[in-house]
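The structure appears below as structure tokens.
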Amino acid sequence: MAGPQCCENPPALSSSSGHGSILELGGLKTYVSGSSNSKHAILLISDVYGYEAPNLRKLADKVAAGGYYVVVPDFLYGDPYNPENKEKPIQVWIQSHGTDKGFEDAKQVIAALKEKGISPIGAAGFCWGGKVVVELAKSDSIQSAVLLHPSFVSVDDIKEVKVPIAILGAEIDQLSPPELVKQFEEILSSKPEVDRFVKIYPGVSHGWTVRYNVEDKKTVQSAEEAHQDMLDWFTKHVK
């Protein structure tokens, strides 16, 4: 499942990127952006490159500008996937960075937000993070979910979704190919009690919403379109 496409266009990680700050939330180091006085939170769950990816933090700041308290925890415990480390290829790295642990950690983060009086909560997951978010979407721990080019998500996962969900897929994606995303849509269409939005973006590849090349105007434009669709979904179901 975790093939080469999962890791294309790795970001140049930077602990100082973004306009937000770092604090501890639910036992995890977390990048936070926006006012903690906001009663609406958005949890962003990264891909395998973790919470120091500049494009991800830039997106967190953009979401925060919409009036949300945005949290981006370090679910990878300071050990994001490093394609330069030949001793730990993705198939080895993923064994010690399972999405099941990410799901348990995410529940702690959500509990910490609710203790602060911050609710409702929406969650968006990118690639690896998409699997964590779909697990959250099977209960009422979040009020809205967005999966962006998810990895490891199955038809059975989608059958169990209970909250409004948007699925934003890439035309060129080996991990969630358009055929699979269309299956997700068919399942959701048979669940009228669950609001849904499913879209496949033409000409882009897995990971494009956070691993786009800033010099490639077409890809940037498509990433920004997906970001806006995500924001619109949260405006509809979280605000």
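Among VAL32, VAL48, which is under 26 Å from GLN108 (Cβ atoms) and in a strand (DSSP E or B)?
Among VAL32, VAL48, only VAL32 is under 26 Å from GLN108 (Cβ atoms) and in a strand (DSSP E or B).
So LYS138 ticks every box in (1) buried (at least 18 other Cβ atoms within 10 Å of the Cβ); (2) in a loop (DSSP other than H, G, I, E, B); (3) in contact with a helix residue (DSSP H, G or I) (Cβ under 8 Å, 6 or more places away or on another chain) but one. Which box is left unticked?
(1)
For the stretch 13-29, give me each residue that is in contact with a helix residue (DSSP H, G or I) (Cβ under 7 Å, 6 or more places away or on another chain) and surrounded by fewer than 16 Cβ atoms within 10 Å (Cβ to Cβ).
Those that are in contact with a helix residue (DSSP H, G or I) (Cβ under 7 Å, 6 or more places away or on another chain) and surrounded by fewer than 16 Cβ atoms within 10 Å (Cβ to Cβ): SER14, HIS19, GLY27.
Restricting attention to the stretch 181-200, which residues are hydrophobic (A, V, I, L, M, F, W, C) and out of contact with any helix residue (DSSP H, G or I) (no Cβ under 8 Å at 6 or more places or on another chain)?
Let us first name the residues in the stretch 181-200 that are hydrophobic (A, V, I, L, M, F, W, C), namely 181, 184, 187-188, 194, 197-198, 200.
Within the stretch 181-200, just VAL181 meets the criteria.
VAL210 passes all but one of (1) open to solvent by less than 20 Å² (accessible area, probe 1.4 Å); (2) over 21 Å from ILE158 (Cβ atoms); (3) without any contact (Cβ under 8 Å) to a residue 60 or more places away in the chain; which number fails?
Of (1) open to solvent by less than 20 Å² (accessible area, probe 1.4 Å); (2) over 21 Å from ILE158 (Cβ atoms); (3) without any contact (Cβ under 8 Å) to a residue 60 or more places away in the chain, only one is false for VAL210: (3).
If we scan the stretch 189-197, do we find a residue that is under 19 Å from GLU8 (Cα atoms), outside any helix (DSSP H, G or I) and open to solvent by 60 Å² or more (accessible area, probe 1.4 Å)?
Within the stretch 189-197, not a single residue is under 19 Å from GLU8 (Cα atoms), outside any helix (DSSP H, G or I) and open to solvent by 60 Å² or more (accessible area, probe 1.4 Å).
Could you please let me know if GLY203 is under 21 Å from ALA53 (Cβ atoms) and either under 12 Å from the mean Cα position of the chain (by Cα) or in a strand (DSSP E or B) (or both)? Don't jump to the end; show me each part of the working.
Values: under 21 Å from ALA53 (Cβ atoms): no; either under 12 Å from the mean Cα position of the chain (by Cα) or in a strand (DSSP E or B) (or both): yes.
The answer is no for GLY203.
Residue check, LYS162 against (1) without any contact (Cβ under 8 Å) to a residue 24 or more places away in the chain; (2) touching a Lys or Arg at 6+ places or on another chain (Cβ under 9 Å); (3) open to solvent by 50 Å² or more (accessible area, probe 1.4 Å), all met but one. Which one?
Among (1) without any contact (Cβ under 8 Å) to a residue 24 or more places away in the chain; (2) touching a Lys or Arg at 6+ places or on another chain (Cβ under 9 Å); (3) open to solvent by 50 Å² or more (accessible area, probe 1.4 Å), the lone unmet condition for LYS162 is (1).
Is it fair to say LYS182 is surrounded by fewer than 22 Cβ atoms within 10 Å (Cβ to Cβ), without any contact (Cβ under 8 Å) to a residue 24 or more places away in the chain and farther than 23 Å from PRO73 by Cα?
Criteria met by LYS182.
Just name the residue that is nearest to ASN213 (Cα to Cα) out of those in the stretch 83-108 that are assigned to a loop (DSSP other than H, G, I, E, B) and touching a residue at least 12 places away in the same chain (Cβ under 8 Å).
Let us first name the residues in the stretch 83-108 that are assigned to a loop (DSSP other than H, G, I, E, B), namely 83-89, 97-98.
With touching a residue at least 12 places away in the same chain (Cβ under 8 Å) added as a condition, the list becomes 83, 97.
Details: PRO83: 18, HIS97: 26 Å.
Checking each candidate, the answer is PRO83.
Quick one: how many residues across the stretch 30-49 are in contact (Cβ under 8 Å) with a residue 60 or more places away in the chain and either within 19 Å of GLY207 (Cβ to Cβ) or surrounded by 24 or more Cβ atoms within 10 Å (Cβ to Cβ) (or both)?
Just the residues of the stretch 30-49 that are in contact (Cβ under 8 Å) with a residue 60 or more places away in the chain, to begin with: 30, 36, 38-49.
Pick out the ones that are also either within 19 Å of GLY207 (Cβ to Cβ) or surrounded by 24 or more Cβ atoms within 10 Å (Cβ to Cβ) (or both) and you get 41-49.
Selection size over the stretch 30-49: 9.
Going through the stretch 3-29 one residue at a time, which ones are within 21 Å of GLU104 (Cα to Cα), among the hydrophobic types (A, V, I, L, M, F, W, C) and touching a residue at least 40 places away in the same chain (Cβ under 8 Å)?
If the condition is that a residue be within 21 Å of GLU104 (Cα to Cα), among the hydrophobic types (A, V, I, L, M, F, W, C) and touching a residue at least 40 places away in the same chain (Cβ under 8 Å), then LEU25, LEU28 are the ones that fit.
The values are calculated or read from the model by the stated rules, or taken from the named source; none is laboratory data. Note that the structure is predicted; figures quoted are calculated from it, not measured. Note that we place each Cβ from the backbone using ideal geometry, even for glycine, and neighbour counts take in every protein chain shown. For accessibility, only protein heavy atoms count, side chains too; no ligands or nucleic acids. Shrake-Rupley method; radii C 1.70, N 1.55, O 1.52, S 1.80 Å.
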